[in-house]
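Structure first, then comments.
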Amino acid sequence: MYTMDEANVEQDAVQPTRRRRHSKEFKEQVIRAAMQPNVSIAAVALHYRLNANMLRSWVAAQEERDAADAARKSLNAMEAEFVPLQLEAPGAAAAPTEIQIEVRRGAATVTVRWPLCAAADCAAWLQGWLR
């Protein structure tokens, strides 16, 4: 009868595959190839012997970076723009020609309009009315 204990068993240690590191230039080349129109990401991954899901994540990250760069450029372009405005001269506004006073007591409302040139008379009248 054969038992494993009796046999001289040589243990082959299974070495885990080392994680590959890809250079920045290689990644850029593969991403450019995968981002071409009408090109399958899976086909590019097979061609370069990469995992398709990993390549998809590289492409997605590159698309996010491209979108962020485009947004940054559009913001910078907006900041650099100068828009001149036409402002009216300070004295050009029409000056009021009368004094208008509105007094409310309960449900009653009284509105008094007085010429601006007689402001002193208006003040005296108002002072007497408020007593």
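Please treat every number below as a calculation from the coordinates, not as lab data. These figures come from a predicted structure and were not determined experimentally. Note that we place each Cβ from the backbone using ideal geometry, even for glycine, and neighbour counts take in every protein chain shown.
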Most to least packed among 18-30, 56-68 [average Cβ atoms within 10 Å]: 56-68, 18-30
Net charge of Cβ neighbours under 12 Å - reference Ala70; Lys, Arg +1; Asp, Glu -1: -1
Cα→Cβ-extended label distance, 7 Å offset, between Arg105 and Glu28, nm: 8.5
Stretchable slack from Thr97 to Arg72, in nm (0.36 nm times residue separation minus alpha-carbon distance): 3.7 nm
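I'd like the projected area of the stretch 24-77, averaged over all directions, using the convex hull of its alpha carbons. Report it in nm² with one decimal.
Projected area, direction-averaged: 4.1 nm².
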